[in-house]
Amino acid sequence: MKEIESLKHSLDTLGYVADEELATVLFLMLHLKKPLLLEGHPGVGKTEIANVLAEHLQTELIRLQCYEGLDVHSSIYEWNYQKQLLSIKIRENSDASEAEKEKMIFGKDYILERPLLRAITAKEKAPVLLIDEIDRADEEFEAFLLEMLSANQISIPELGTIKAIHPPIVILTSNRTRELSDALRRRCLYHWVNYPDPEKELKIVRKRLPGIEEKLARQLVQVVQNLRSRNLNKAPGISETLDWAMSLNALGKHEIDASVIRATLGSLLKSNEDIERIKHENLSEILTGNL
Amino acid sequence: MTLPHHLQYHNITEAILGFAEYARSCELNVGIRESHEALEIVSTGLIENKQNFRFALKSLFCSSQENTETFDTIFDLFWGGEKAEIKSKIEYKNQSNIVRKSSGSLVMMNKGSSTVQEEEEGKNVSGANSTEQLRKTDFSKVSDIESEQLNKLAEDLWKQMSKRLRKKFRKSVTRGKLDLRQTIRSNISKGGEMLDLHYKEKKPDKNRLIILLDVSGSMDKYSFFLLRFILSLRSHFKHIDAYIFSTKLIRITEYLEIKNLQSVLEVLSHYADNWSSGTKIGECLSDFNRKFAKRSLTGKNMTIILSDGLDTGEPELLVNELQKVKLRTRRLIWLNPLKGMKGYVPRTRSMVAALPEIDHFMSAHSINSLLELENILYDAN
């Protein structure tokens, strides 16, 4: 399809190598106006998708990083207490009635907008809202999200319901540290982001590091692919591949051999046990791919 | 039974609805809304390219990675050209699934050793309140068929328990109390008006749990379930430190990060020589005290030992090491699966010697007995 091809091409020029499946899903998300849930191992470029999509649509990216204990106040809105208190103090001697004063300090001027409210109230263009690592937030927070995702509105008790003028384009990412609720899943399109195959990874490396030597790139992709099949504690993601490529570039290496791997393993593997294990293995096997 | 196929339908709308229904019958989460949106996909023209059409429907009908395999199979089946070839694929897939599952449980639970009498006891579990029964059933007397049910039930109940516990703990972690002194002090410059509120510091995380699981031969029938239990606790407690021991001690905390039980077992099977061998609790505890205790025991945490106490080492050593652990821990809990047996009295030298050092001595042979742990975990906070 033409639209999908052009979307793919556009993401490509922005530096993101998207496969047919992802491009289809993104197209569908924009068309159906449904949120998209991306799951996959850490470091496979889930967050990056939101970044390039915002760039592609030339709109604002609003990001909400989830963590345990994330609540309404830090995700949707909070009253500006200081301003409210000051306002009361200033108006202490005015003639306004109690009710008027109260209405005044619970107005829109006294609200601090947090990411979700900001995404809903965007005035010019629908923003891309990235809700990152939703699995880290609590289940209660998921419930807050549901209203927003399905009806594109947020309820604030003192102000009433705020409806979006331009419904945001929502992307959720999850690392699967916790199972998400079915209710949330059902409101989203789903896409599993896998580790890339060698060709795609090679394309990504070339794209991000245009100056890299062909031989080096091929070798390093081969090594990374081999490492991923090794049942490590934390398999290297694409970001690690790029890190490694950059460090090899910086060291001026033209070729990878066992000693190079040993010296630079730290930018590829991020756990001591993994590093120790690989160091003691036969590194030439990892280089040539004979498993 | 003939399998549904798109050629059976008159037009594309009916075919899509038929496919949605088929997907639903294969336990994919497809409702009216999904069917409706699938029809919308057709109107975008995505159907022109079969590959695009597949991807589009996949993102709509699947809600987790596990679904994608099922989806691909039924998609090929429904929208494919030749039926017979794909059908055989499904059968093959199902077979491979079954084999994998049973071999997984065989590794851990030595079914071969169970006697006829034991099996009979296990079979009593059926009837209207089978769930209630199952909760009380001894893990060692569970038949293969029931173990599947039991796993599911246990998973649910433990999940609920962890969730409750976590909610209870949460209260103390949100925000400290109002620090009145500091608030007044910092607001003097604002004319004594309380504009900036100061809070006392958050309480530090206290729910650190140390678990030592005995995986020796005598614990064979329990260790699999207990490992599951630890795993489900792990998904809700941030600070769990877990070890397995038999003749030597191994830290498994890192492996618990991988939430999938199957992969945890795969990783642990590297240490197979340790699994199902004899027990030297005293030596393992001394190992623990030497290597890990300084790092993980803070004096405010709880230590749980899961073992049947059938020890081949010296009781004096065990007592000595237990005392060391106790000095650095708030409560020492010993869960013994044998305690669930009728008329069990701790008789082994080690167990008798260890008893005075233990705060709580409880059974751990069934789901219910493990759920009782909840109250202790809560009290300790």
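Each reported figure results from applying straightforward, stated rules to the coordinates on display, with no laboratory input. The model shown is predicted, which means the values in this text are computed figures rather than measured ones. Here Cβ is always computed from backbone atoms with ideal geometry, including for glycine, and neighbour counts include all displayed protein chains.
General remarks:
- Residues considered: A:Thr173, A:Thr161, A:Thr47. Largest GNM mean-square fluctuation over chain A, using C-alpha springs under 10 Å, is found at A:Thr161.
- Integer Hz, Karplus 6.51/-1.76/1.60 couplings in order for the stretch B:8-24, x for Gly and Pro: 6, 9, 7, 9, 5, 4, 5, 4, 5, 5, x, 5, 4, 5, 4, 4, 4
- Whole-angstrom gap from the stretch A:30-107 to the stretch B:1-69, using each part's C-alpha centre: 37 Å
- Farthest toward positive dipole pole in the stretch A:52-161 [+1 Lys/Arg, -1 Asp/Glu at C-beta], among A:Ser155, A:Thr121, A:Leu86: A:Leu86
- Between the amide H of B:Ile305 and those of B:Leu212, B:Ile333, B:Trp334, B:Leu335, distances stay under 5 Å, these residues lying 5 or more places away or on another chain, with hydrogens modeled in the peptide plane.
- Peptides A:85-92, B:316-323, ordered by how many other C-beta atoms sit within 10 Å of their residues on average, highest first, read B:316-323, A:85-92.
- Highest mean packing first, where packing is the average number of other Cβ atoms within 10 Å per residue, the peptides A:78-84, B:17-23 line up as B:17-23, A:78-84.
- Dividing the mean sequence gap of close Cα pairs (under 8 Å, 6+ apart) by how many residues chain A holds gives a relative contact order of 22 percent.
- For chain A, the spread of Cα positions along each principal axis, largest first, Å: 84, 45, 37
- Each 10 Å bin from zero up to the one holding the largest Cα-Cα distance in the stretch A:12-132 carries the following percent of pairs: 11, 32, 25, 16, 11, 6, 1.
- Distance between the modelled labels on B:Leu355 and A:His9, one decimal in nanometres: 8.2 nm (7 Å Cα→Cβ projection).
- The stretch A:247-291 - Rg (one decimal) and Dmax (whole number), Cα, Å: 10.8, 29
- Expressed in Å, the radius of gyration and Dmax of the Cα atoms of the protein assembly as shown are 29.4, 90.
- Here the peptides B:361-369, B:303-311, A:104-112 are ranked by packing, the mean other Cβ count within 10 Å, and the order with the highest first is B:303-311, B:361-369, A:104-112.
- For the segment B:31-44, counting C-beta atoms of other chains within 10 Å of every residue's C-beta and taking the mean gives 2.
- Backbone N within the stretch A:66-88 under 13 Å of label point (7 Å from B:Lys190 Cα along the Cβ vector): A:80-88
- Relative contact order (percent, whole number), the stretch A:1-88, Cα cutoff 8 Å, 6+ residue spacing: 22 percent
- Rel. contact order, % - alpha carbon contacts under 8 angstrom, at least six apart, the stretch B:322-378: 41 percent
- Cβ neighbours within 10 Å from other chains - mean over B:50-56: 5
- Note, ³J(HN,Hα) from phi for the stretch A:72-80, Karplus 6.51, -1.76, 1.60, rounded to Hz, x at Gly and Pro: 4, 5, 9, 10, 10, 7, 8, 6, 7
- Positive end of the dipole of the stretch A:152-291 (Cβ unit charges, origin at the Cα centre): among A:Leu251, A:Asn226, A:Pro167, the Cα lying farthest that way belongs to A:Pro167.
- Pairs beyond 18 Å (Cα-Cα), from A:Lys234/B:Lys294; B:Lys291/B:Lys326; A:Lys46/A:Lys125; A:Lys8/A:Lys46; A:Lys34/B:Lys58: A:Lys234/B:Lys294; A:Lys46/A:Lys125
- Under Karplus coefficients 6.51, -1.76 and 1.60, residue-wise ³J(HN,Hα) of the stretch B:333-350 in Hz, glycine/proline x: 10, 10, 9, 10, x, 5, 4, x, 6, 5, x, 6, 10, x, 10, 4, 4, 5
- Among A:Val52, A:Val72, A:Val205, residue whose mean-square fluctuation peaks in a GNM of chain A (springs only between Cα atoms under 10 Å): A:Val72
- Peptide A:135-148 - average C-beta neighbours from other chains (10 Å radius): 1
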